[in-house]
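**Student:** Below you'll find the structure I mean.
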Amino acid sequence: MNDDIPEQPALPPTPPPATWPAPLDVPPPAKRRLSPLAAGLIGLAVGAGVVGGIWAITASSGPSQPATFTLEGSFTLTDDVSDNGDGCSGSYDSGYDDIAEGTSVTVYGASGDVVATGALGDSTYSDYACEFKVAVPDVPKGEKFYKVEVSHRGTLQLSAEEAENGELAASLG
């Protein structure tokens, strides 16, 4: 017997390279291209989604309302006035008997179209005159001027600035 034993390595043997087992000769998968029909359908679906989303957002907000203001001021009747105790009006059979709280107030735009309507408000009797508050809501902004008519008594013209600033001061009598 041979007493010569070969020297044993202290570390285990190195494993084979990472390519073991040997790779198969298979080519990588080919990239598939979309057909023009499929690409068109995908584009159509995405576009419809975007348009639908925009429509849903704008439809829920409703149509925008035009800017408006309340035309405010006063109307004073200075002739043939009757004191009712809690207000006043034109005296019966005086020619001014159509002037009282609730009498129509019509606002016309520059083109002559009616743009808003209201009525004479609370009245105050003082020094043989009857003063009414006027507040006509929802008058659309944007006119060059406005004309205001109480009952059927003719119109008074106001600039847009005067109307929006509440500077109506009309009188009759």
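The values are calculated or read from the model by the stated rules, or taken from the named source; none is laboratory data. Just so we're clear, the structure is a prediction, and the values are computed from it rather than from any experiment. Heads up, the Cβs are rebuilt from the backbone with ideal geometry, glycines too, and the neighbour counts pull from every protein chain shown. Surface areas here come from the heavy atoms of the whole protein model, side chains and all, with no ligands, DNA or RNA. Shrake-Rupley method; radii C 1.70, N 1.55, O 1.52, S 1.80 Å.
**Student:** Looking at residue 113, is it acidic (Asp, Glu), open to solvent by less than 90 Å² (accessible area, probe 1.4 Å) and out of contact with any helix residue (DSSP H, G or I) (no Cβ under 8 Å at 6 or more places or on another chain)?
**Tutor:** No.
**Student:** With the condition kept exactly as written, say whether any residue in segment 141-152 is closer than 19 Å to residue 78 by Cα, modelled with pLDDT of 90 or more, among the β-branched types (Val, Ile, Thr) and open to solvent by 60 Å² or more (accessible area, probe 1.4 Å).
**Tutor:** Scanning segment 141-152 turns up no residue that is closer than 19 Å to residue 78 by Cα, modelled with pLDDT of 90 or more, among the β-branched types (Val, Ile, Thr) and open to solvent by 60 Å² or more (accessible area, probe 1.4 Å).
**Student:** Which one of these does residue 89 not meet: (1) hydroxyl-bearing (Ser, Thr, Tyr); (2) within 16 Å of residue 170 (Cα to Cα); (3) open to solvent by 30 Å² or more (accessible area, probe 1.4 Å)?
**Tutor:** (3)
**Student:** A further question on this structure: From (1) over 18 Å from residue 98 (Cβ atoms); (2) aromatic (Phe, Trp, Tyr); (3) at pLDDT 90 or above, pick out the condition that doesn't hold for residue 128.
**Tutor:** If we test residue 128 against (1) over 18 Å from residue 98 (Cβ atoms); (2) aromatic (Phe, Trp, Tyr); (3) at pLDDT 90 or above, just (3) comes out false.
**Student:** Please tell me if residue 161 is in a helix (DSSP H, G or I) and open to solvent by 50 Å² or more (accessible area, probe 1.4 Å).
**Tutor:** Against the criterion (in a helix (DSSP H, G or I) and open to solvent by 50 Å² or more (accessible area, probe 1.4 Å)), residue 161 qualifies.
**Student:** Another question, then. What is the number of the single condition among (1) open to solvent by less than 100 Å² (accessible area, probe 1.4 Å); (2) on the phi < 0 side of the Ramachandran plot; (3) modelled with pLDDT of 80 or more that residue 59 does not meet?
**Tutor:** Result: residue 59 fails condition (3) only.
**Student:** Is one or more of the residues making up segment 17-29 at pLDDT 80 or above, open to solvent by 60 Å² or more (accessible area, probe 1.4 Å) and more than 37 Å from the chain's Cα centre (by Cα)?
**Tutor:** Checked against the condition, which is being at pLDDT 80 or above, open to solvent by 60 Å² or more (accessible area, probe 1.4 Å) and more than 37 Å from the chain's Cα centre (by Cα), segment 17-29 yields no hits at all.
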